[in-house]
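The values are calculated or read from the model by the stated rules, or taken from the named source; none is laboratory data. All figures in this text were calculated on a predicted structure; none of them were measured in a lab. Here the Cβ positions follow ideal geometry from the backbone for every residue, glycine too, while neighbour counts run over all protein chains shown.
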Amino acid sequence: MKKWMSLIAAMLLVSVLAACGGAAPAGGGTTAGAGPEAVAKTFIEASFTANLEAARSVACAALTATLTDETAASMQEMMSEANPDFSALTYTVSDQTDTSATVTVGGTLKMTVAGVTQDMNFADMGPAAILPIVKEGDAWKVCPAS
C-alpha cells in the first residue's frame, strides 16, 4: 500500500511538472504579498487537494497556461480517495534574491487512502521537492525552469 500511495503522489506532481517542461509544480491560493515559503505551501497543498484555482493563483503565467480543466480532472481522479495531512511538511527558502528563490519541501506527508495511513518522506519526491519561485509583477510565483 505504501508503494501505491507514493506512486500516486509522485505521479501527481510529475504530471504537473511534465506539462510544464520543468522541474517544479504549481499551485495556489490568494497570496498577495506572500513570500516564497507561503507560495510554495499553497502550491503543494493545492496540488495534493486538486484545487486548480489555488494552483493557478500562485503559478507563473507560463505554468498557469498548462493548468487546464483536464489537468484538474486528472488530479481530482488521482486524489479522490486520498486524504493528505500537510502538518509535518517544512518549507526552506534558499538562494533568495529580489526576483527569485528556491523552496525545498521536506518533512513527512501523511496520506490516508481507503482507511490506510502511510507517511511519505517528501524528499523522496526528488525534483518535485524543490520549487523554483520567481517574482512576476509584484508577486512571488512557482515557475519551472525553462
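Name, by its number, the condition in (1) surrounded by fewer than 13 Cβ atoms within 10 Å (Cβ to Cβ); (2) more than 18 Å from residue 121 (Cβ to Cβ); (3) at pLDDT below 50 that does not hold for residue 1. Condition (2) is where residue 1 drops out. Looking at the stretch 122-139, can you tell me whether even one residue there is among the aliphatic types (A, V, I, L, M), at pLDDT below 90 and exposed (fewer than 12 other Cβ atoms within 10 Å of the Cβ)? Checking the stretch 122-139: not a single residue is among the aliphatic types (A, V, I, L, M), at pLDDT below 90 and exposed (fewer than 12 other Cβ atoms within 10 Å of the Cβ). All told, residue 65 falls short of being more than 26 Å from residue 138 (Cβ to Cβ), without any contact (Cβ under 8 Å) to a residue 12 or more places away in the chain, surrounded by fewer than 20 Cβ atoms within 10 Å (Cβ to Cβ) and out of contact with any Leu (no Cβ under 6 Å at 6 or more places or on another chain). If you go through the stretch 61-73 and keep only what is closer than 16 Å to residue 51 by Cβ, modelled with pLDDT of 80 or more and assigned to a helix (DSSP H, G or I), you end up with 63, 64, 69, 70, 73.
Suppose we keep only residues that are without any contact (Cβ under 8 Å) to a residue 12 or more places away in the chain and either assigned to a strand (DSSP E or B) or of a type in the set (S, T, N, Q) (or both) within the stretch 88-101. Which one would you say is nearest to residue 37 (Cα to Cα)?
Applying the first criterion (without any contact (Cβ under 8 Å) to a residue 12 or more places away in the chain) to the stretch 88-101 yields 94-95, 97.
From the residues that got through so far, the ones that are either assigned to a strand (DSSP E or B) or of a type in the set (S, T, N, Q) (or both) too are 94, 97.
Details: 94: 10, 97: 14 Å.
Ranking the qualifying residues of the stretch 88-101, first place goes to 94.
Got at least one residue in the stretch 60-75 being on the phi > 0 side of the Ramachandran plot and touching a strand residue (DSSP E or B) at 6+ places or on another chain (Cβ under 6 Å)?
No, because not a single residue in the stretch 60-75 is on the phi > 0 side of the Ramachandran plot and touching a strand residue (DSSP E or B) at 6+ places or on another chain (Cβ under 6 Å).
Looking only at residues that are touching a residue at least 24 places away in the same chain (Cβ under 8 Å) and touching a helix residue (DSSP H, G or I) at 6+ places or on another chain (Cβ under 9 Å) in the stretch 102-111, which one is surrounded by the most Cβ atoms within 10 Å (Cβ to Cβ)? Working first, answer last.
Let us first name the residues in the stretch 102-111 that are touching a residue at least 24 places away in the same chain (Cβ under 8 Å), namely 102-105, 109-111.
Then drop every residue that is not touching a helix residue (DSSP H, G or I) at 6+ places or on another chain (Cβ under 9 Å), which leaves 102-105, 109, 111.
Working: 102: 16, 103: 27, 104: 16, 105: 24, 109: 23, 111: 23.
Looking at the filtered set, the residue picked out is 103.
When the stretch 127-140 is filtered for residues that are without any contact (Cβ under 8 Å) to a residue 60 or more places away in the chain and in a helix (DSSP H, G or I), only 129 remains.
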